[in-house]
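The values are calculated or read from the model by the stated rules, or taken from the named source; none is laboratory data. Keep in mind the model is a prediction, meaning the values are calculated, not measured. Because the Cβ atoms are built from the backbone with ideal geometry, glycine has one as well, and the counts that use them run over all protein chains shown. Accessible surface is based on the protein model in full, side chains and every heavy atom, while ligands, DNA and RNA are left aside. Shrake-Rupley method; radii C 1.70, N 1.55, O 1.52, S 1.80 Å.
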Amino acid sequence: MKPITYTKKHAASEKLAVRIYAMLSATDPKLSEMLKHGYVSDKNDFLSIRSVKIYGDGALGSRGAALLKPYHDDADNVGLLVTSKEKLTPLFDEILNHRFQINIHAIGDRANKIALDEFKRVFKSPESVLYSGKELRHRVEHAQVVQPSDIPRFKQLNILPSMQPTHATSDKDMAPKRIGNERLKGAYAWQQFLKQGSRVIAGSDFPVELANPFLGLHAAVTRQDRKNQPEGGWIPSESMSTAEAFRAFTIDAAFGAHQDKVLGGLQAGKYADFILVDEDIFTINPENLWKVKVLETWVAGKQVYKRL
Ligand SMILES: [Zn+2]
């Protein structure tokens, strides 16, 4: 059975253990067919498909991230676009014709710029209010190395920076070698996005990183690895407060998935999806955030996990 059919069947029979906000892949040969089919959802909000993941460029470690200027440690290399500019334009048009959300992977400053340019282009037409950033909550996945002059464009175009805090702590020794110090000014720049009023939505990027969100909260607040290195944190001016990080991982992540009315907080009218943990994350020493343990997990008011 095809994965989507399988997942839909399980969602319909309430057999999914967790909620899934799935993205169609822009490289799927059946993309057009799936877009025509329209949004997929079930009445209990266990499965929701209304977005497409586009692959803009590669990753920084392998020098595949598309940069505006050559790599600091490879003078002949500016990285690569996984989807060419020529292909990106009709792809954006087709996806937006069906009013799907666009989540485009962009790590390097060139990929980020091209993604923003595409959004700017499509938002020019009068009917674009129907598929604007405000309406469809489009995201740039990673927004890792951004030219500082492009950071305000995220706010102007209402594009959500979807960022994964553990990338900063995993990359802290590698990134300066790849891009040098100057370009670090717009790299893993959570606080610059927050200060301009962008809603930063956080995630793990599992399976590239571990799925445990407490590792993410720890990285977001300390900008340190789990050995608490470097002292004081890596580029500490970009670190988040615990409240900012918590928001990015909960209500704002739900916003980025069009689920903030039903998920992302404990409020009357929302699903009772919550966890019980062994520490108060707002009062413990942030160095210990990654050690927080989940005692119980509840989904829609039903206990689905208990730590023994
Ligand atoms: Zn990605």
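On the basis of being within 16 Å of the ligand (Cβ to nearest atom) and in contact with a Ser or Thr (Cβ under 8 Å, 6 or more places away or on another chain), does Ile102 make the cut? So Ile102 fits the description; yes. Among the residues in the stretch 142-153, are any touching a His at 6+ places or on another chain (Cβ under 9 Å) and aliphatic (A, V, I, L, M)? Within the stretch 142-153 (the criterion being touching a His at 6+ places or on another chain (Cβ under 9 Å) and aliphatic (A, V, I, L, M)), the answer is no, since none of the residues qualifies.
Tell me yes or no: at least one residue of the stretch 58-75 is at negative phi, in contact with an Asp or Glu (Cβ under 6 Å, 6 or more places away or on another chain) and within 16 Å of the ligand (Cβ to nearest atom). The answer is yes; a qualifying residue exists.
A single entry from Gly56, Gly108, Gly61, Gly79 fulfils the requirement of being over 19 Å from Ile159 (Cα atoms) and crowded, with 17+ Cβ neighbours inside 10 Å: Gly79. Pairs linking a residue in the stretch 53-71 that is among the aromatic types (Phe, Trp, Tyr) to a residue that is in a loop (DSSP other than H, G, I, E, B) and away from the ligand (no atom under 13 Å from the Cβ), with Cβ atoms under 9 Å and 6 or more positions apart or on different chains, are Tyr71/Arg63; Tyr71/Asn77; Tyr71/Val78; Tyr71/Gly79; Tyr71/Gly180. Checking each residue in the stretch 25-53 for being within 16 Å of the ligand (Cβ to nearest atom) and open to solvent by 50 Å² or more (accessible area, probe 1.4 Å) picks out Thr27, Asp28.
Within the set Ala59, Ala106, the sole residue that is aliphatic (A, V, I, L, M) and under 30 Å from Lys8 (Cα atoms) turns out to be Ala106. If you take the residues of the stretch 178-210 that are open to solvent by less than 40 Å² (accessible area, probe 1.4 Å) and in a loop (DSSP other than H, G, I, E, B), which of them is farthest from Lys134 (Cα to Cα)? Filtering first and then ranking leaves Gly180. For the stretch 12-24, filtering for residues that are more than 16 Å from the ligand (Cβ to nearest atom) and open to solvent by 50 Å² or more (accessible area, probe 1.4 Å) leaves 7.
Of all residues in the stretch 201-219, those that are closer than 17 Å to Arg139 by Cβ have Cβ atoms under 9 Å from Cβ atoms of residues that are open to solvent by 60 Å² or more (accessible area, probe 1.4 Å) and among the charged types (D, E, K, R), 6 or more apart or on another chain, in Ala202/Arg247.
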